[in-house]
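For reference, the structure discussed in these notes is given below.
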Amino acid sequence: MSKLPVIEIFGPTIQGEGAVIGVKTMFVRTYGCDYRCGWCDSAFTWDGSAKDKVRMLAPEEIMDELTALAGDNFDCVTLSGGNPALIGEGMGILIQLLHERGIQAAIETQGSRWQDWFYDVDVLTVSPKPPSSGMKTDWNMLDGIMDKMKAQGRAAHSLKVVVFNDEDYQYAKSIHRRYPGVPLFLQPGNEDVTEEGDISVRLLGKLEWLFNLVIADPEMNKARVLPQLHALIWHNKRGK
Ligand SMILES: C[S@@+](CC[C@H](N)C(=O)[O-])C[C@H]1O[C@@H](n2cnc3c(N)ncnc32)[C@H](O)[C@@H]1O
Ligand SMILES: Nc1nc2[nH]cc(C(=O)O)c2c(=O)[nH]1
Ligand code: SF4
Ligand SMILES: [Mg+2]
């Protein structure tokens with residue numbers, strides 16, 4: 001059984017976060033997460049509120065849907081969730097199919113689970129969760145993932161930490177100290193993921209706050225601070 005639980009497929013859109021910000025991409029969002037972040041902007045992937053929208057799809061069916069949606073108007077697919085790293089074989093096959101068609105595979109995951117298909121992805125974003133999320137980092141697991149990617153991953157891998165407060169910023173620094181050679185992206189937290197209308201002014205205020213922390217901090221000379229670009233443009237809209 002290599003079907004995947006899929007909650008949404010959308011795009012093309014613009015990757016709004018991290019190492020490949022600004023790149024045109026499709027999104028495949030899987031259902032289910034082993035975490036329950038208090039501020040999760042995609043809680044519908046795990047809180048049961050959209051359970052009726054989950055479809056079990058074979059990798060080939062996902063490929064067909066991507067093509068039906070966008071034709072050849074994309075060459076990157078971002079696999080997010082939920083935690084796509086909860087899925088084994090099916091995800092490996094999907095990545096293979098994408099590569100056969102010359103399409104890159106990018107992954108968004110929190111670093112709580114390893115899958116051997118991590119070796120095959122093109123862009124691996126690992127986003128360990130700071131204290132404000134309410135989650136506990138499994139440091140053994142995270143060390144293992146970073147070690148393996150360093151040793152033989154083909155992916156350009158990077159770390160992305162969402163920062164809501166000073167304690168989160170200290171956590172981001174501890175991540176940077178622990179994995180000094182890995183590109184680190186800092187992203188301000190969106191404190192209200194249900195607010196309707198234009199939230200860009202609020203998000204930019206938080207971005208300036210985070211800019212100022214990094215500007216003042218000689219330990220963070222190599223960190224990169226980025227907004228959630230899609231949230232500046234499309235706010236809290238889903239499927240963007
Ligand atoms: C919804 S998660 C899905 C992938 C994976 N579960 C993870 O957390 O990395 C995608 C990205 O959105 C970020 N994110 C979630 N809620 C957020 C919020 N309220 N503000 C800023 N970033 C958020 C996560 O930290 C993660 O980097
Ligand atoms: N445009 C856009 N960029 C993103 N980068 C990471 C996202 C995610 O939810 O994983 C995301 C998303 O949901 N939309
Ligand atoms: S790990 Fe990702 S999807 Fe899971 S609850 Fe946290 S932000 Fe949401
Ligand atoms: Mg998102």
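A short reminder: the numbers here are calculations on the coordinates, not readings from a lab. Predicted model, so just to flag it, every value in this text is computed and none were measured. Virtual Cβ from ideal backbone geometry, glycine too; neighbours counted across all protein chains shown.
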If you line up the long axis of helix 59-70 against the longest principal axis of the chain, both from Cα atoms, how many degrees apart are they, to the nearest 10?
80
Please work through the chain and write down the cysteines that have no neighbouring cysteine Cβ at a distance under 4.7 Å.
C33, C76
Using the Cα gyration tensor of the stretch 91-240, with a ≥ b ≥ c the square roots of its eigenvalues, what is the shape: rounded (a/c below 1.5), prolate (a/b larger than b/c) or oblate (neither)?
oblate
For the stretch 41-117, what class follows from the C-alpha gyration tensor (a ≥ b ≥ c being the square roots of its eigenvalues): rounded when a/c is under 1.5, otherwise prolate if a/b is larger than b/c, else oblate?
oblate
On a 0 to 90° scale, report how tilted helix 200-215 is relative to the longest principal axis of the chain, with both axes built from alpha carbons and the result rounded to the nearest 10.
60
Using the alpha-carbon centroid of each, what span in Å lies between the stretch 71-90 and the stretch 176-240?
23
Sort out for me the Cα centre separation of the stretch 126-140 from the stretch 1-16, rounded to whole Å.
24
Given the Cα-Cα distance of K51 and L229 and 0.36 nm per residue of separation, how much length would full extension add, in nm?
61.3 nm
By how many degrees, between 0 and 90 and to the nearest 10, does the Cα long axis of helix 139-152 differ from the longest principal axis of the chain?
70
With unit charges on the beta carbons (Lys and Arg positive, Asp and Glu negative) and the dipole taken about the Cα centre of the chain, which residue among G11, S42, W139 sits farthest to the positive side?
W139
Relative contact order %, the stretch 73-217, counting alpha carbon pairs below 8 Å whose residues are six or more apart:
17
If a/c stays under 1.5 just call it rounded; otherwise compare a/b with b/c (prolate if a/b is bigger, oblate if not). Do that for the stretch 90-167, with a ≥ b ≥ c from the square roots of the Cα gyration tensor eigenvalues.
prolate
